[in-house]
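Accompanying notes for the structure given below.
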Amino acid sequence: MKENFLGVDVCGYNYEQLSTKLIEDIENKKKSFLVAINPEKIMKAKEDPALRELLNKADYQIPDGIGVILASKLKKGSIQSRVTGIDMMLKICETAAAHGKKVFLYGAKPGVADAAKAVLEKQFPGLNIVGTLDGYEKNDQVVIDTINQHEPEILFVAKGSPAQENWIVEHMDIVTPYVFQGVGGSYDVISGNLKRAPEMYQKLGLEWFYRLMKEPWRWKRQLILPKFLVEVMKK
Ligand code: UDP
């Protein structure tokens, strides 16, 4: 079910399939972790074996970004649609509410996870977010104890990539949750501190274009996409 682009695995599940899998993982007491993959990360991993190993360690690499979909098309693969980190997080919250699974929000600046919790619990009635902790607590034991004390089954980690993925790999066996997802700046968006592209851009897969208009200095970062596609073609 996985396709490989320049050494990095990407998983072909859509939102529905993946959320079903994750609930099964929890029921089976199987630990699993999700990571969002985009061309920028794949190109970085090409030069950085440790990063590549980290990304491939994840159980589910989601195709976050239109670049991965285009690459799959070029390689006659079957990954059809984007699964973005933030939308997957929302889907997991919806599924957790329906199945009575406990969620914990770890990461972001003090107060942001609490604000995100309030928004999420309103959006998904029945959702049980059992605790939050900001991403700047220095004492690792305090982090571990705070999470374990609430016995969550699902843990979102928002500390930026790859710090959050490293944190997950180092801690997944010593904290109670079964499902882990690194979610970057998602709490900032959910709490309303950071604006996402309008829905029209999201639907058309043109979030990159919206960001380019808003933050033109990002153009250099966006040159990664054509470079990535050329590399994929060459392989
Ligand atoms: N962050 C954190 N602890 C840190 C560094 C960063 O909790 O030591 C948080 C930061 O407040 C922000 C998120 O991690 O909410 C990083 O988001 P960013 O958009 O930079 O991540 P990306 O998705 O680009 O990897």
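Counting only DSSP H runs of at least 4 residues, each contributing -39500 (n - 2.57), and dividing by the residue count of the chain, the helix-based mean residue ellipticity at 222 nm comes to -14500 deg cm²/dmol.
Phi-derived couplings, Karplus 6.51 cos²θ - 1.76 cosθ + 1.60 at θ = phi - 60°, listed residue by residue for segment 125-134: x, x, 5, 10, 8, 7, x, 9, 8, 5 Hz, with x used for Gly and Pro. With 27 Å as the limit on Cα-Cα distance, the pairs of K41/K122; K109/K214; K76/K214 that go past it are K41/K122; K76/K214. In a reduced charge model with +1 at each Lys and Arg Cβ and -1 at each Asp and Glu Cβ, the chain shows a dipole moment near 1120 debye about its Cα centre. Name the chymotrypsin sites (Phe, Trp or Tyr not before Pro) in segment 56-132 that are in a loop by DSSP and that have at most 16 other C-beta atoms within 10 Å, would you? Filter output for segment 56-132: empty list.
Working from the alpha-carbon coordinates of segment 32-126, get Rg over Rh, Rh being the Kirkwood radius.
1.04
Bridging of K75 to aspartates and glutamates at a Cα separation below 18 Å is possible for E3, D9, D64, E231, once same-chain residues fewer than 8 apart are set aside.
For the chain, modelled as a GNM whose springs connect Cα atoms under 10 angstrom apart, the maximal fluctuation among Q80, Q149, Q61 occurs at Q149.
The packing ranking, built from the mean of other Cβ atoms within 10 Å per residue, places the peptides 18-27, 160-169 in the order 160-169, 18-27, highest first.
Translational diffusion of segment 108-235, estimated by Stokes-Einstein from the Kirkwood radius over alpha carbon pairs at 10 °C in a medium of 1.306 mPa s, is 93 µm² per second. Percent relative contact order of the chain, based on C-alpha pairs within less than 8 angstrom and at least six residues apart? The value is 21 percent. Normalised by residue count, the chain yields a Cα convex hull volume of 125 Å³ per residue.
Bear in mind these aren't lab numbers, they're just calculated from the coordinates by the rules spelled out. Source: prediction; values computed, not measured. Positions of Cβ are backbone-derived with ideal geometry, glycine not excepted, and every protein chain shown enters the neighbour counts.
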